[in-house]
């Protein structure tokens, strides 16, 4: 707030383009608040404080700093407990929660756009933004459903048609929105409308693609969903704690509260946490198996033979650590090695997502994205570090863990034309013969 | 301290009329043309320049088609880079952000990353056999997504580290501007290349339909235009729109008939490792084989023929031309709105008389996506080479299992004859 007051006070020193500086002063006031109250220089209005009354009363005696700390702490515990409950309830509920978080994040960012551009009264624009969100979600969900629910889709006639022409239908829906946008362009507000169009699309790109990658990871096995998110949360909390107790050297001008001590301490703590968590979770089938849709029971099942990644193996400890710990070998899940990579990414690159969000908040002079969670700000505030994690996990799985899924390949094969099938079969045959897996003698069996 | 953001922040909230016009770059009409046409009045001079440049562009197009698919790919890449450059330059002029640290480098770097990602995904499919041979390429293909993501991340982190307090808002605007431009231009150009690989006719016909619609709508508007179409583009008229629609459908129909005869246009582009070049040789699919259709009664009366011989592709060409004439112009209106919003007359001054490359390609914007979606939904099933590529990446034991399963399936369906035991 003080930043803005200083700016307004400095107006008389503005460059000598008189007309500009005058309108600047007017617009400053407008940028800072709703168009009605021009004289105020308050920052963008944050929605009313949502702290529940009961908390307010319970903590009314403490000083403001401790009160804030307690509110944050209690809400953190509440969110973590909520997270555990959702995990317990299963993949379907998780998918729904991811979708709700996505919608809320989208809503928060779009609202900021409206506040920045005072575009509440732009014709059609709110409708169009939500419509585009719907289209893009329809497209992504359709692709996901087609992939993972293949047999279900083939069974039901309407679903099969929707799936076959899926891209065409999604494109048509998007086109309708696009044409509505072009038809709604109003002479005086062209630039604003284009800005909001661009803003909507970038938000969709960021928020919706990430959430669908999260859902893809979820389908690989719930452990691929839980461990990355927990690592980011742990890094957040640990970096905060280390910074609180040991913090001295500032990390980056963008976020003055972050410190190098917090960063490095958080890194080590997160790696250790990741190792322990993966050890615990790799033992349970319900976390480790890919989520599949069972046709017979018409529900999600997580039942399978755990892959090599989740079976205990003996590893030889390198010499340097042997002397420290005194053990020759250690039994670990291979997944724990991967968890080191995931935790490292969460601690080193995850914070860049946070810096990005901090820069964004500074650029648009807002303190928090919204005031949904008392003490923490909006949902986006909590999820800004997750931003890149979802993509990283998905890319990691695609590159290092899973090859193509054999049963999916067979399904794709069966949808090809007969001559294409024959061609692929012959190519595979010659390939296998080349590799010596198949000899012409065994061919006749 | 005056926050630079404020000076440009108010650009956002002010209504358009307050914002000054952005000066266009200098006129690039070549000297010879100017001298040859110096006698004519200014209106005819403009008309002549446009006409000559149109013919030049069309001949260039034919020349490149003759030179083959690889040159076409390069042409598409060149156009993409130029369009990107034009839009980014507009962004710089709007926001006066020439002196933003790092930003030019970062924009081009992001362009490079996204192109690398897309080329890896699409082109690798088609070069499967070539790729299998080279070891280093195998490595790049297997970890392709990871490498692309790492490259993108490097750019993202550089952006975050380059955020300067005074210019935060500007930097975010340019970041968003770059990403939206990439989304529009790079994805479209890669869809164009994918359609090209389906067969050059899927590349030529849509682009020609859009160009034809442009030209015929202009001519119909010029001679018969009376009722304005949309406030956004006052020069467009309903007569031009409808006249252009019918001419484009007829043109598409005829062009499809002519092109469907040649294997060169109709066959999917394949890379042959032995010849180390692109070949387009195949057995034309049913789409490109003449078939007899019985005419509906009212056409029978008009044409006095019972049946007519058509390529099925011509029916599809009607759908493509319809899209080009009805929805393509919306891409043009979008670009017009964009130019009005940022008070520029043309995207750039690359082509004398016509403006920039983006000006020529604004209507193509949606066409590329439509063609791709149309092919995916109505024409081709899943891509067989992709399935093959994935098969070859599996572990040998898995391959063997799949092989056995497939064999049983094919024998059941009668596609494969069981081998006789000797």
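Among the numbered conditions (1) surrounded by fewer than 17 Cβ atoms within 10 Å (Cβ to Cβ); (2) over 23 Å from residue B:267 (Cα atoms); (3) touching a strand residue (DSSP E or B) at 6+ places or on another chain (Cβ under 9 Å), tell me where residue B:304 comes up short.
Condition (3) is where residue B:304 drops out.
What number of residues within the range B:281-322 satisfy the criterion of being in a loop (DSSP other than H, G, I, E, B) and farther than 14 Å from residue B:260 by Cα? Please lay out each step first, then the result.
Filtering the range B:281-322 down to residues in a loop (DSSP other than H, G, I, E, B) leaves B:281-285, B:289-290, B:295-296, B:304-306, B:311.
Then drop every residue that is not farther than 14 Å from residue B:260 by Cα, which leaves B:295-296, B:304-306.
Residues that pass the stated criteria total 5.
Is it fair to say residue A:183 is facing chain B (nearest Cβ under 9 Å) and surrounded by fewer than 16 Cβ atoms within 10 Å (Cβ to Cβ)?
yes
With respect to the numbered conditions (1) away from chain B (no Cβ under 11 Å); (2) closer than 20 Å to residue A:263 by Cβ; (3) modelled with pLDDT of 80 or more, which one is the sole condition not fulfilled by residue A:356?
Result: residue A:356 fails condition (1) only.
Determine whether the range A:187-196 contains at least one residue that is part of a helix (DSSP H, G or I), facing chain B (nearest Cβ under 10 Å), over 26 Å from the mean Cα position of the chain (by Cα) and surrounded by fewer than 16 Cβ atoms within 10 Å (Cβ to Cβ).
Looking through the range A:187-196, at least one residue is part of a helix (DSSP H, G or I), facing chain B (nearest Cβ under 10 Å), over 26 Å from the mean Cα position of the chain (by Cα) and surrounded by fewer than 16 Cβ atoms within 10 Å (Cβ to Cβ).
Of the numbered conditions (1) farther than 21 Å from residue B:163 by Cβ; (2) within 11 Å of chain B (Cβ to nearest Cβ); (3) at pLDDT 75 or above, residue A:406 fails exactly one; give the number of that condition.
Of the numbered conditions (1) farther than 21 Å from residue B:163 by Cβ; (2) within 11 Å of chain B (Cβ to nearest Cβ); (3) at pLDDT 75 or above, the odd one out for residue A:406 is (3).
Among the helices (runs of 4 or more DSSP H) confined wholly to the range B:162-280, which include 2 or more residues that are within 21 Å of residue B:80 (Cα to Cα)? Outline the logic, then answer.
On the way: elements: B:168-198, B:201-224, B:238-259, B:263-266.
Once the helices (runs of 4 or more DSSP H) in the range B:162-280 are filtered for at least 2 residues that are within 21 Å of residue B:80 (Cα to Cα), what remains is B:168-198, B:201-224.
Which condition number in (1) within 26 Å of residue B:369 (Cβ to Cβ); (2) within 24 Å of the chain's Cα centre (by Cα) is the one that residue B:242 fails?
(2)
Kindly indicate whether any position in the range A:143-154 is in contact (Cβ under 8 Å) with a residue 12 or more places away in the chain, at negative phi and crowded, with 20+ Cβ neighbours inside 10 Å. Before the answer, list the steps.
In the first step, residues of the range A:143-154 are kept if they are in contact (Cβ under 8 Å) with a residue 12 or more places away in the chain; the result is A:143-152.
From what's left, at negative phi: A:143-152.
Then keep just the ones that are crowded, with 20+ Cβ neighbours inside 10 Å; that gives none.
The answer is no; no qualifying residue exists.
Mind listing just one residue for me: the one in the range B:163-186 that is surrounded by fewer than 16 Cβ atoms within 10 Å (Cβ to Cβ) and more than 8 Å from every other protein chain (Cβ to nearest Cβ) and, of those, nearest to the chain's Cα centre (by Cα)?
Selected residue: B:164.
If the requirement is being modelled with pLDDT under 70 and either surrounded by 14 or more Cβ atoms within 10 Å (Cβ to Cβ) or at the interface with chain B (Cβ under 8 Å from one of its Cβ atoms) (or both), which of these qualifies: A:421, A:429, A:411?
Just one listed residue meets the conditions, A:411.
Kindly list the number of the only condition in (1) crowded, with 17+ Cβ neighbours inside 10 Å; (2) assigned to a helix (DSSP H, G or I); (3) at pLDDT below 70 that fails for residue A:442.
(1)
Residues of the range A:160-177 being within 7 Å of chain B (Cβ to nearest Cβ) and surrounded by 18 or more Cβ atoms within 10 Å (Cβ to Cβ), which ones?
Within the range A:160-177, A:167, A:171, A:175 meet the criteria.
Can you pull out the residues in the range B:323-347 that are away from chain A (no Cβ under 13 Å) and either in a helix (DSSP H, G or I) or surrounded by fewer than 22 Cβ atoms within 10 Å (Cβ to Cβ) (or both)?
B:324, B:325, B:345, B:346
Might you check whether a residue that is surrounded by fewer than 16 Cβ atoms within 10 Å (Cβ to Cβ), modelled with pLDDT of 75 or more and more than 24 Å from the chain's Cα centre (by Cα) occurs anywhere in the range A:70-80?
Yes: the range A:70-80 contains one or more residues that are surrounded by fewer than 16 Cβ atoms within 10 Å (Cβ to Cβ), modelled with pLDDT of 75 or more and more than 24 Å from the chain's Cα centre (by Cα).
Across the range A:248-272, what is the total count of residues that are away from chain B (no Cβ under 14 Å), crowded, with 20+ Cβ neighbours inside 10 Å and under 20 Å from residue B:164 (Cα atoms)?
So the count comes out to 1.
The values are calculated or read from the model by the stated rules, or taken from the named source; none is laboratory data. A quick note: this is a predicted structure, and the numbers were derived from the prediction, not measured. All Cβ positions, glycine included, derive from the backbone under ideal geometry; neighbour counts span all protein chains shown.
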